[in-house]
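Colleague: Below: one structure in structure tokens.
The values are calculated or read from the model by the stated rules, or taken from the named source; none is laboratory data. The structure presented is a predicted model; accordingly, all values stated were derived computationally and were not measured. As a convention, Cβ positions derive from the backbone with ideal geometry for all residues, glycine included, and neighbour counts pool all protein chains shown.
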């Protein structure tokens, strides 16, 4: 049973990391129809496995209400985005919305990575991992949304990397000013990123400081016990 559990957990970790690779490939390449269809098929398989994982955990849980309350986010990992959905959006000519779909994929990917954290880390490390995943999701989502609204309009935005650079500079409050939003939608994205992102970053830094202090105290207490 233990070997099966290790294999199963390893499979989930592999699928979550595979999702990272698929998302990076999708963002950085102009896909052909056959490639889009293949990625969509793989995505549906991965989403189905994570959906089954959630319901298996729910079924085995002694307190299903508590299980759902604490792990509802795992359902986000199970959202399939099929090739038919993309074709439907393309048929009504809202191409910019297709890029917003990537934000949904990033949010879903975040849920899958948090599942890894649940498998691999203790409570403190899982909290740090979850906060880091949340921050990364926020930056990636803001960058893609910003790029969707600003590309072709903002003379300072030439590539997706420019949008990621803007998101990192904004969330860390450095604000070089080399890239800034010129559209109303882009400014709204910037305001959301500033309000939510800066607070999230502050929580991460505070959590790291508390964890470091706790570790230092444990080391000191351990040395004191050895001395006694």
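Colleague: If residue 196 satisfies all but one of (1) modelled with pLDDT of 85 or more; (2) surrounded by 14 or more Cβ atoms within 10 Å (Cβ to Cβ), what's the number of the condition it fails?
Modeller: Looking at each condition in turn, residue 196 falls short on (1).
Colleague: Given the residues 206, 170, which is the only one that is out of contact with any helix residue (DSSP H, G or I) (no Cβ under 9 Å at 6 or more places or on another chain), on the phi < 0 side of the Ramachandran plot, free of Cβ contacts under 8 Å to residues at least 60 places away in the same chain and surrounded by 11 or more Cβ atoms within 10 Å (Cβ to Cβ)?
Modeller: Values: 170 fails: out of contact with any helix residue (DSSP H, G or I) (no Cβ under 9 Å at 6 or more places or on another chain).
Within the list 206, 170, the selection yields 206.
Colleague: Hey, another quick one. Given the options 13, 45, name the one that is under 21 Å from the mean Cα position of the chain (by Cα), at pLDDT below 80 and not assigned by TED's automatic domain parsing to the domain that holds residue 163.
Modeller: 13
Colleague: To continue, here is another question. On the basis of being in the same structural domain as residue 128 (by TED's automatic domain parsing), at pLDDT below 80 and touching a helix residue (DSSP H, G or I) at 6+ places or on another chain (Cβ under 7 Å), does residue 219 make the cut?
Modeller: Values: in the same structural domain as residue 128 (by TED's automatic domain parsing): yes; at pLDDT below 80: yes; touching a helix residue (DSSP H, G or I) at 6+ places or on another chain (Cβ under 7 Å): no.
No: the conditions fail for residue 219.
Colleague: Which of the residues spanning the stretch 146-165 are in contact with a helix residue (DSSP H, G or I) (Cβ under 6 Å, 6 or more places away or on another chain), assigned to a helix (DSSP H, G or I) and under 20 Å from residue 176 (Cα atoms)?
Modeller: Just the residues of the stretch 146-165 that are in contact with a helix residue (DSSP H, G or I) (Cβ under 6 Å, 6 or more places away or on another chain), to begin with: 146-150, 157, 160, 163-164.
From what is left, the residues that are assigned to a helix (DSSP H, G or I) are 146-150, 160, 163-164.
Across the stretch 146-165, the qualifying residues are 146, 147, 150, 160, 163, 164.
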